[in-house]
Amino acid sequence: MDLSAEERAMLAGDLGPGVAKALEIIVALGRVYGARGLVPVTSVQVAGVSYRNLGEAGLQFLTDWADQGARAQVPATLNPAGIDALAWRELGFSEEFAGRQMAVVQAYEALGIAATCTCTPYLVGNVPSFGDHIAWSESSAVSYANSVLGARTNREGGPSALAAAIAGRTAAYGFHLDQNRRAALRVVIRCPVRTLSDFGALGHLVGKHARDKVPFFEGLGECSPTQLKALGAAMAASGAVALYHVDGVTPEADRSHALLPEHETLVVPDLQSAYAALNAEATEIDLVWFGCPHAGLDEIAQLARLLEGRRVAAATWVTTARAIRERAIGEGLVASIESSGARVLADMCLVVAPMQELAFRTLATPSAKGATYVPSHAGLAVRFGTIEQCVEAAITGIWPA
Ligand code: F3S
């Protein structure tokens with residue numbers, strides 16, 4: 001592997017053991033994937049934040065690395081944690097978990113990572129430009145950055161993203177290289193795809209089929225960034241899709257170049273099988289979850305309209321980035337939503353929260369990614385449908401027929 005003199009010095013420990021360790025991780029990965037060299041990164045996003053997943057061993061690993069003098073060299077943010085740092089007590093999470101979770105976030109801060117805990121960093125200032133090399137690890141954010149923004153990242157693991165932040169570079173393989181960004185799967189849409197849950201259902205279907213291939217969508221028409229966010233998140237959850245192109249919409253979707261000549265074709269006649277796969281039999285709904293991936297201001301405004309003058313019967317949580325929550329407070333949206341009894345929460349994700357500490361058994365969500373992960377990660381039976389169906393379930397506590 002071709003390393004510069006500076007990189008060789010970093011690897012030899014000239015900048016301390018913390019930097020040497022970061023280089024070792026990046027170079028080892030680069031060797032595995034056949035990288036010829038390293039590439040500087042402009043932004044990093046680190047997953048592996050919930051204490052539920054990290055445990056004491058993970059926390060110790062972070063603390064040791066910080067003690068070795070390791071610090072992020074480029075702007076870096078975190079994935080959601082297991083709790084809202086301010087509202088955890090009211091939600092019923094234990095003091096014990098909250099204490100360990102705070103310790104994890106503090107360990108990351110000691111490493112120079114901003115305690116911005118969100119899976120949508122691109123909505124709160126961590127916005128890469130077209131062509132930027134970055135190292136992100138949250139799968140839905142990786143998909144958005146590659147596909148919608150045209151930045152370049154592989155689907156990093158938590159430690160490799162952290163290593164990239166500390167080294168300021170990553171190994172140049174995979175989606176950092178032009179030749180790997182072309183589509184091997186042409187997806188022809190032959191049905192209406194209108195609602196946010198439709199985009200998620202489509203993503204669920206295509207992700208299962210594509211696995212880690214790059215899909216090229218035809219027939220989707222105009223799509224909003226929020227719809228693309230749902231599509232990419234679902235494909236990253238049911239498969240391992242890290243980059244996709246949408247004809248006439250995404251920045252690298254120049255058909256003659258983006259689609260490999262020897263591609264496979266998938267025709268999607270309807271979305272029924274995805275809706276069926278993502279729905280359990282549950283009728284009574286204990287908890288309704290919006291904001292997976294974390295909600296943007298547009299989604300929060302829509303929920304405020306739908307909940308106006310109503311009262312929820314089921315616990316109803318909207319998860320978002322803390323900075324978006326602040327803006328929503330400024331626009332009166334949080335007060336409006338919370339007057340219905342629903343909560344607008346920051347920093348957290350239900351999939352990595354210690355949900356076993358609470359008494360919920362069933363959940364409704366318009367997120368295909370949430371519906372994919374919640375049964376196995378949070379142990380709840382899930383109903384998946386439109387935002388309107390989920391609002392109805394929040395109001396009545398019953399999944400609408
Ligand atoms: Fe984000 Fe958690 Fe959903 S990380 S994409 S809210 S599963």
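Spin-label model, residue 130/residue 212: points 7 Å from Cα along the beta carbon direction are separated by 2.8 nm. Across the range 1-131, Cα-Cα pairs more than 19 Å apart make up 58 percent of the total. Given R0 = 30 Å, the distance between the Cβ atoms of residue 331 and residue 178 translates into a calculated FRET efficiency of 0.15. Charges were assigned to the Cβ only: +1 to each Lys and Arg, -1 to each Asp and Glu. The resulting dipole of the chain about its Cα centre is roughly 420 debye.
For the options 221, 48, 174, a Gaussian network treatment of the chain with springs between C-alpha atoms closer than 10 Å singles out 221 as fluctuating the most. When only C-alpha pairs under 8 Å and at least 6 residues apart count, what is the relative contact order of the chain, in percent? RCO, the chain: 17 percent. Taken along the Cα-to-beta-carbon direction at a fixed 7 Å, the label points for residue 191 and residue 28 span 4.5 nm. Summarising the amide proton neighbourhood of residue 119: residues at separation of 5 or more, or on other chains, whose placed amide H is nearer than 5 Å comprise 294. The spread of Cα positions in the range 278-396, taken along each principal axis and listed from longest to shortest, comes to 37, 27, 23 Å. Each listed q (0.10, 0.12, 0.21 Å⁻¹) maps to a log10 I(q)/I(0) for the range 182-275 from the Debye sum over equal C-alpha point scatterers, namely -0.20, -0.29, -0.98. Under 16 Å from a label point 7 Å along Cα→Cβ of residue 115: give me every residue in the range 61-93 with its amide N that close. Inside the label zone: 63, 76-89.
About its Cα centre, the range 182-275 has a charge dipole of approximately 180 debye under the convention of +1 per Lys or Arg Cβ and -1 per Asp or Glu Cβ, with nothing else charged. Residues in the range 188-204 carry Karplus couplings, in order, of 9, 8, 10, 8, x, 10, 10, 7, 4, 5, 4, 5, x, 4, 4, x, 4 Hz; the curve used is 6.51 cos²θ - 1.76 cosθ + 1.60 with θ = phi - 60°, and Gly or Pro positions show x. With all protein chains in place and a 1.4 Å probe, the accessible surface of the chain carries 51 percent carbon and sulfur. Non-local lysine pairs in the chain, meaning eight or more places apart or on different chains, with alpha-carbon distances under 20 Å, amount to 5.
Residue-wise HN-Hα couplings along the range 72-80, as the Karplus relation 6.51 cos²θ - 1.76 cosθ + 1.60 with θ = phi - 60° gives them from phi, are 5, 9, 9, x, 9, 10, 10, 6, x Hz; Gly and Pro carry x.
Computed extension gain for residue 396 through residue 106, at 0.36 nm per residue and net of the alpha carbon distance, reaches 100.4 nm.
Using C-alpha pairs below 8 Å separated by at least 6 residues, the relative contact order for the range 278-396 is 36 percent. Once the 1.4 Å probe is applied to the protein heavy atoms, the chain comes out at 39 Å² accessible per residue.
Taking the DSSP beta bridges with both ends in the chain, the antiparallel portion is around 10 percent. Backbone amide hydrogens, once placed in the peptide plane, bring residue 217 within less than 5 Å of 187, 245, 246, 247, excluding anything fewer than 5 places away on its chain. Here the range 41-158 is assigned +1 on the Cβ of each Lys and Arg and -1 on the Cβ of each Asp and Glu. Its dipole about the Cα centre then comes out at about 300 debye. Think of the chain as having a plus end and a minus end, set by charges on the Cβ of Lys, Arg, Asp and Glu; of 54, 92, 238, 238 sits farthest toward the positive end of this dipole. Treating each Cα of the chain as one equal point scatterer and applying the Debye formula with no solvent, the log10 of I(q)/I(0) at q = 0.12 Å⁻¹ comes out as -0.94. Taking the charge dipole of the range 6-69 about its Cα centre, with +1 at Lys and Arg Cβ atoms and -1 at Asp and Glu Cβ atoms, the residue from 63, 38, 22 reaching farthest to the positive side is 38. Near the amide H of residue 155, within less than 5 Å, lie no amide hydrogens of residues on another chain or at least 5 residues away, with H placed in the peptide plane. Percent antiparallel among DSSP beta bridges with both residues in the range 270-376, to the nearest 5? Looking only at bridges with both residues in the range 270-376, the antiparallel portion is about 0 percent. For the chain, with the dipole built from +1 on Lys and Arg beta-carbon atoms and -1 on Asp and Glu ones, taken about the Cα centre, which of 287, 205, 344 lies farthest toward the positive end? Value computed over the given set: 205. Working from Cα pairs under 8 Å separated by at least six residues, relative contact order for the range 75-154 is 30 percent.
The values are calculated or read from the model by the stated rules, or taken from the named source; none is laboratory data. Just so it is clear, the model here is predicted, and its values are computed rather than measured. With ideal geometry, Cβ positions are generated from the backbone for all residues, glycine too; neighbour counts draw on all protein chains shown. With ligands, DNA and RNA removed, areas are computed over all heavy atoms of the protein, side chains included. Shrake-Rupley method; radii C 1.70, N 1.55, O 1.52, S 1.80 Å.
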